[in-house]
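Chemist: The structure that follows is given in the form of structure tokens.
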Amino acid sequence: MIKQAVNSKISRLIGKGENRRLNISKEIIRKMHRLAKLTGETKKLSSEIDQYFMEKGFDIDELHCGNGRSLEELECGNDITDIFCIDAKNNFSDKSMWNTHFIRVR
């Protein structure tokens, strides 16, 4: 009896048969395309930024450490650029925020 009630409710939620079609709005389709495009651009920019710092001798994992001021924040939409650049100019000397023993590779 319970199984029938559950199956009945599921049928009502998803519709009966395979003839039920979901019409996705053009606005949502545009947003999906835009998300794919922006995500691709994000990955490209992130790779270029990472390459820059690796060429300067930094351990890129340390620069993506998740401390709220690292490069990881940029990919979350948080613009930490100014504070990151200040930290870099100061050789990431704020030991409470950066693991200075490992940040420089060379």
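The values are calculated or read from the model by the stated rules, or taken from the named source; none is laboratory data. Since we're looking at a predicted model, the values are computed, not measured. Cβ atoms come from the backbone with ideal geometry, glycine included; neighbour counts cover every protein chain shown.
Chemist: Being of a type outside the set (Lys, Arg), closer than 18 Å to residue 97 by Cα, out of contact with any Pro (no Cβ under 8 Å at 6 or more places or on another chain) and touching a residue at least 24 places away in the same chain (Cβ under 8 Å) is true for just one of 85, 65. Which residue is that?
Modeler: None of the other options fit; the residue is 65.
Chemist: Let me ask another. Any residue at all in region 38-47 that is basic (Lys, Arg), out of contact with any His (no Cβ under 6 Å at 6 or more places or on another chain) and under 22 Å from residue 92 (Cβ atoms)?
Modeler: Looking through region 38-47, none of the residues is basic (Lys, Arg), out of contact with any His (no Cβ under 6 Å at 6 or more places or on another chain) and under 22 Å from residue 92 (Cβ atoms).
Chemist: On the given criteria, is residue 50 surrounded by 10 or more Cβ atoms within 10 Å (Cβ to Cβ), at pLDDT 95 or above, of a type in the set (D, E, K, R) and within 22 Å of residue 94 (Cα to Cα)?
Modeler: For residue 50, the condition - surrounded by 10 or more Cβ atoms within 10 Å (Cβ to Cβ), at pLDDT 95 or above, of a type in the set (D, E, K, R) and within 22 Å of residue 94 (Cα to Cα) - is met.
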